[in-house]
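Please read the structure below before turning to the comments.
The values are calculated or read from the model by the stated rules, or taken from the named source; none is laboratory data. Note that this is a predicted model, so its numbers are computed, not measured. With ideal geometry, Cβ positions are generated from the backbone for all residues, glycine too; neighbour counts draw on all protein chains shown. Just so you know, the surface numbers come from the protein's heavy atoms only, side chains and all, with ligands and any DNA or RNA stripped out. Shrake-Rupley method; radii C 1.70, N 1.55, O 1.52, S 1.80 Å.
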Amino acid sequence: MFSEFLHNAQSQFDAQEAFAMAMVVRRKVPSSGKPGDKALIKSNGQILGWIGGGCTRGIIIKEGLAAIQEGKPRLVRISPDANLAPISGAIDYKMTCQSGGTVEVYIEPVLPQPQLIIMGKSHIGMALAKLAKAMDYEVTALGKGVDPVMFPTADRVEDTTNIAEKLLKPYTYIVVCTQGEADEISLENALRTPVPYVAFVASRRKANGVFNYLRQAEIPIERLQQVKTPAGLDIGAKTPEEVAVSILAQIIQELRSEKSEEEKQDLLQKATAEAGDLYINPVCGVPVQKSTAKHVIDYEGESYYFCCDGCKVSFEKEPAKYAVKA
């Protein structure tokens with residue numbers, strides 16, 4: 001029901017959880033999904049709603065997870081006919097279900113608002129907080145001596161250099177702009193988080209000195225190489241506000257960057273691994289929810305799950321071949 005779909009979407013949005021919305025936009029019988037049918041794909045691979053069964057369901061879970069990881073929408077066409085005229089921008093899949101039919105599904109990711117953690121009470125940090133909040137980012141200010149007067153627009157202000165694990169979200173960016181006050185400990189705490197984007201407002205000479213200290217603190221060299229320093233894009237910025245603009249531009253660049261096919265596959269595999277109920281169908285490579293799979297085969301002491309009857313039949317013909325893939 002549409003009301004249930006809206007309720008699920010609102011619940012995910014309120015919880016600041018990433019999800020994807022899928023809607024059937026075109027179909028050719030006998031596919032079961034009809035135009036207007038909708039489903040919500042959660043970041044753990046759970047699907048709520050209806051866009052069709054069999055391989056359609058598995059493919060939409062896969063592409064929903066990919067849309068969440070890449071932050072980009074997509075049109076997916078699933079058909080048994082390999083000779084259909086291509087649709088610009090569409091992703092084509094072979095329909096392996098014996099029931100046949102063609103279906104086109106539009107998938108739109110809905111991502112939590114980015115969070116900016118600012119470490120330090122410098123003028124650049126204050127300018128960053130104002131501009132980031134104007135962009136509807138969630139802003140947290142941390143550091144010794146920081147207070148709400150310095151960061152009136154911030155959502156959270158804490159007098160500490162520690163970054164609590166509960167603060168970290170999927171789209172968190174950390175900028176260390178301590179500028180001489182607790183540089184080493186602030187950057188060390190930032191680098192001990194799993195956050196990919198960490199920027200350090202400092203000259204290269206200053207940064208190298210801090211890095212030498214952090215190497216002695218056993219921060220891996222690979223992690224240090226990930227630090228963006230000097231922070232921001234090189235736009236010739238001079239004032240605190242201009243530097244803040246350059247840093248936010250760099251964050252936007254990171255957020256919207258086009259990922260390579262290898263990076264996309266890595267992200268999808270990570271998302272699938274984190275979704276404990278998902279199993280990769282060894283025949284077509286499409287995720288299957290083990291708890292709801294209708295097609296299961298036990299072979300040599302292992303259970304194999306399939307999205308549809310077509311994949312199950314293919315496995316039965318050559319079980320040793322597909323068991324190796326699994």
Quiz item: Picking from ALA141, ALA132, which residue would you name as being crowded, with 22+ Cβ neighbours inside 10 Å, touching a Phe, Trp or Tyr at 6+ places or on another chain (Cβ under 6 Å) and modelled with pLDDT of 95 or more?
Solution: ALA141
Quiz item: Taking the condition open to solvent by 10 Å² or more (accessible area, probe 1.4 Å) and at pLDDT 85 or above, does GLU70 pass?
Solution: no
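This table checks each residue for (1) farther than 20 Å from ALA132 by Cβ; (2) in contact with a helix residue (DSSP H, G or I) (Cβ under 8 Å, 6 or more places away or on another chain); (3) hydrophobic (A, V, I, L, M, F, W, C).
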position	(1), (2), (3)
TYR213	yes, yes, no
PRO220	yes, no, no
ARG223	yes, yes, no
VAL227	no, yes, yes
GLY232	no, yes, no
ILE235	no, yes, yes
GLU242	no, no, no
LEU248	no, yes, yes
Quiz item: Of the numbered conditions (1) at pLDDT 85 or above; (2) farther than 16 Å from VAL286 by Cα; (3) touching a helix residue (DSSP H, G or I) at 6+ places or on another chain (Cβ under 6 Å), THR102 satisfies every one except a single condition; which is it?
Solution: (3)
Quiz item: With respect to the numbered conditions (1) in contact with a Cys (Cβ under 9 Å, 6 or more places away or on another chain); (2) open to solvent by 10 Å² or more (accessible area, probe 1.4 Å); (3) outside any helix (DSSP H, G or I), which one is the sole condition not fulfilled by ILE118?
Solution: (2)
Exercise. Could you tell me whether segment 133-142 includes any residue that is in contact with a Pro (Cβ under 8 Å, 6 or more places away or on another chain), at negative phi and free of Cβ contacts under 8 Å to residues at least 60 places away in the same chain?
Key: yes
Exercise. Working only within segment 278-315, note down all residues that are open to solvent by less than 60 Å² (accessible area, probe 1.4 Å) and β-branched (Val, Ile, Thr).
Key: VAL283, VAL286, VAL288, ILE297, VAL313
Quiz prompt | Among (1) part of a loop (DSSP other than H, G, I, E, B); (2) under 30 Å from LEU168 (Cβ atoms) - the single one GLU108 does not satisfy | solution = (1)
Quiz item: Among (1) aliphatic (A, V, I, L, M); (2) open to solvent by 60 Å² or more (accessible area, probe 1.4 Å); (3) part of a helix (DSSP H, G or I), which single condition is LEU84 missing?
Solution: (3)
Practice problem: Determine whether segment 55-71 contains at least one residue that is in a loop (DSSP other than H, G, I, E, B) and of a type in the set (Gly, Ala, Ser). | Solution: yes
Quiz item: Looking at segment 155-163, is at least one residue in a loop (DSSP other than H, G, I, E, B), under 17 Å from ALA244 (Cβ atoms) and either open to solvent by less than 50 Å² (accessible area, probe 1.4 Å) or of a type in the set (Ser, Thr, Tyr) (or both)?
Solution: no
Quiz item: In segment 20-45, what residues are on the phi < 0 side of the Ramachandran plot and surrounded by fewer than 17 Cβ atoms within 10 Å (Cβ to Cβ)?
Solution: VAL25, ARG26, LYS28, VAL29, PRO30, LYS34, PRO35, ASN44
